[in-house]
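I'd like to ask some things about the structure below.
The values are calculated or read from the model by the stated rules, or taken from the named source; none is laboratory data. Here the structure is a predicted model, which is why all the values come from computation and not from measurement. So basically every Cβ, Gly included, is an ideal-geometry build from the backbone, and we count neighbours across all protein chains shown. Side chains included, ligands, DNA and RNA excluded: accessible areas come from the protein's heavy atoms. Shrake-Rupley method; radii C 1.70, N 1.55, O 1.52, S 1.80 Å.
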Amino acid sequence: MYLQWIDYGLMAAGMIVVGSALAAWRRTGWRDPLRGAPHRTNHINGVVAYLCIMVYLFSPLAAQWIAPMLAPESYDGKTLKMWSGIFGMNVTQIAITAFCLIMAASTFRLGIRGFGWGRLSLKLDVIYAVKGLLAIFALCGVTLIVTEWLTTLLQYDPPIHDVYTLLEKQGTTWLVWLLTLAGAMVLAPVGEEMFFRGFLQTGLQKLLLPKWGTMHHRWFAIAASSLVFGVVHLGTPHFIPALIEMGLILGFLYERTGSLRVTILIHAMFNTKSILWRYFALYYGG
């Protein structure tokens, strides 16, 4: 029960952050909040886009023959398939991170810094990340409450995330447990933010004609990449609305600050909090 009250406290703090942001926006006369945001000059082209998408789509296939070698013998077919999927995504996050960094160094005007790594001081990154995380707790928290109400109303039994299932599975070895945890708390936040925000969101801005203006390009890219970010999490369909909303907030912060470290920190803290809450609820009745 105490976890629920902590969640309410985090949501309340997030509402204060959102309210302060809206008040600041009002003082500008409701001017486009992306006006004055840093530009990420780059030379992303069709070839780079194709290669990046292929890395994201086909990296899991390269890991399929390795995953069974690391799995405990006690795993049945369903659990083995689940582990293979998680291990494959871990390999994908490593591959896409490496590719995006190489791509950024060669196609962005300021290299990796222009891509969003080290643009701000670490102190500012942390400040933005904490505020952004609280905003996500508030806004996405409300969305999750509504979603849970709808699933109850429709008598829909939502699936448990594969990560939770595998971490709680009897017979899971320390290696599988560690790789699963590292994937959720470190690899996924880094890889997904570099792909969805750093690459996809940046690349999508080039799809609109120049006459539409910079702001139109940026908002289109934020919306489109957020939609894709939510839809790829089809394994937990009840979370898709909140994940799209989370993607919008992360996308906005990336455009506003020009820093990938901000969105990576938020993503990592969000996933870590989710896993910790699950652990406390299961083993301590929180």
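Indicate the gyration tensor shape class of the stretch 95-249 (rounded, prolate or oblate), computed on the Cα atoms with a ≥ b ≥ c the square roots of the eigenvalues: a/c under 1.5 is rounded; otherwise a/b larger than b/c is prolate and the rest oblate.
oblate
If Lys and Arg each add +1 and Asp and Glu each add -1, what is the summed charge of the other residues whose beta carbon sits under 13 Å from the beta carbon of His43?
Values: positive: Arg40, Arg109, Lys206; negative: none.
The answer is +3.
Exceeding 24 Å between C-alpha atoms, which entries from my cross-link table qualify? They are Lys81/Lys273; Lys169/Lys273; Lys131/Lys169; Lys123/Lys273. It would help to have the intermediate numbers written out before the result.
Values: Lys81/Lys273 26 Å; Lys169/Lys273 20 Å; Lys131/Lys169 35 Å; Lys123/Lys273 21 Å.
Pairs exceeding 24 Å: Lys81/Lys273; Lys131/Lys169.
May I ask you to compute the full-extension gain from Leu282 to Leu122, defined as 0.36 nm times their residue separation minus their alpha-carbon distance, rounded to one decimal in nm?
54.1 nm
On the protein heavy atoms, probe 1.4 angstrom, tell me the percent of accessible surface of the chain carried by carbon and sulfur.
Working: 10760 of 15150 Å².
The C+S portion of the solvent-accessible surface of the chain is 71 percent.
What's the FRET efficiency of Leu57 with Lys206 using the Cβ-Cβ distance as r and R₀ = 30 Å, to the nearest 0.05?
Numbers: r = 21 Å, r/R0 = 0.69.
That pair, Leu57 with Lys206, gives E of 0.90.
Suppose R0 equals 51 Å. What FRET efficiency, 1/(1 + (r/R0)^6) with r the Cβ-Cβ distance, do Trp177 and Ala23 give to the nearest 0.05? Intermediate results must be reported in sequence, preceding the final value.
Numbers: r = 45 Å, r/R0 = 0.89.
Efficiency, from the Cβ-Cβ distance: 0.65.
For Ile102, Ile44, write out the residues from largest to smallest accessible area, computed with a 1.4 angstrom probe and no ligands counted.
On the way: Ile102 115, Ile44 20 Å².
The ordering from most to least exposed comes out as Ile102, Ile44.
Taking the Cα centre of the stretch 95-193 as the origin and placing charges on Cβ (Lys, Arg +1; Asp, Glu -1), which of Leu166, Ala135, Gly111 is farthest toward the positive end of the dipole?
Result: Gly111, furthest along the dipole toward the positive end.
What is the stretch 1-118 by shape, rounded, prolate or oblate, if you read a ≥ b ≥ c off the alpha carbon gyration tensor as root eigenvalues and call it rounded for a/c under 1.5, prolate for a/b larger than b/c, and oblate otherwise?
Numbers: a/c = 3.69, a/b = 1.29, b/c = 2.86.
Cα axes put the stretch 1-118 in the oblate bin.
Roughly what % of Cα-Cα distances in the stretch 104-158 sit above 18 Å, to the whole percent?
Details: 900 of 1485 pairs.
Roughly 61 percent, once rounded to a whole number.
May I pose another question? Set the Förster radius R0 to 25 Å, insert the Cβ-Cβ distance between Lys81 and Tyr8 as r into 1/(1 + (r/R0)^6), and round the FRET efficiency to 0.05.
Details: r = 37 Å, r/R0 = 1.50.
So the FRET efficiency works out to roughly 0.10.
Report the dimensions of the chain along its three principal axes from the alpha-carbon atoms, largest first, rounded to Å.
In descending order, the Cα extents are 59, 45, 38 Å.
With the Cα gyration tensor of the stretch 215-286 in hand, give its eigenvalues times 5 under a square root as the equivalent ellipsoid semi-axes, listed largest first in whole angstrom. Don't skip to the end; give the middle numbers.
Values: eigenvalues 150, 49, 10 Å².
So the three semi-axes of the stretch 215-286 are 27, 16, 7 Å.
Tell me which aspartates and glutamates have Cα within less than 20 Å of Lys206's Cα, excluding those fewer than 8 residues away on the same chain?
Straight-distance partners of Lys206: Asp32, Glu193, Glu255.
Follow-up question, since we're still on this one. Using the heavy atoms of the protein chains alone and a 1.4 angstrom probe, what is the accessible area of the stretch 1-91 per residue in square angstrom? Numbers along the way, then the final one.
Working: 5770 Å² over 91 residues.
Spelled out: the 1.4 Å probe surface of the stretch 1-91, per residue, equals 63 Å².
If you don't mind, another one. Take each complete run of DSSP H in the chain, measure how far its Cα atoms stretch along the helix's own axis, and keep only those covering 18 Å or more with mean Kyte-Doolittle hydropathy at least 0.0; list them.
Details: long enough: 2-27 (38 Å, 0.74); 46-63 (26 Å, 1.98); 77-107 (43 Å, 0.95); 122-153 (45 Å, 1.59); 214-231 (26 Å, 0.84); 240-257 (25 Å, 1.07); 260-284 (35 Å, 0.70).
Once both thresholds are applied, what remains is 2-27, 46-63, 77-107, 122-153, 214-231, 240-257, 260-284.
First obtain the Kirkwood hydrodynamic radius of the stretch 114-192 from its Cα pairs, then insert it into the Stokes-Einstein equation at 37 °C and 0.692 mPa s, and state the resulting D in µm² per second as a whole number.
On the way: Rh = 16.0 Å.
It comes out at roughly 205 µm²/s.
Take the alpha-carbon positions of the stretch 5-59, form their convex hull, and give its projected area averaged over all directions (one quarter of the hull surface) in nm². Let's see the in-between values first.
Details: hull surface 30.4 nm².
Averaged projected area of the stretch 5-59's Cα convex hull equals 7.6 nm².
Moving on to the next point. Packing-wise, with mean Cβ within 10 Å as the measure, how do 121-134, 237-250, 65-78, 255-268 rank, highest first? Please list the in-between numbers first.
Working: 121-134: 17.1, 237-250: 19.8, 65-78: 12.1, 255-268: 23.4.
Highest mean packing first, the order is 255-268, 237-250, 121-134, 65-78.
Keeping every protein chain in place, order Thr28, Thr165, Thr236 by accessible area at 1.4 Å, biggest value first, i.e. largest first. Spell out each step's value before the answer.
Values: Thr28 70, Thr165 45, Thr236 10 Å².
From most accessible down to least: Thr28, Thr165, Thr236.
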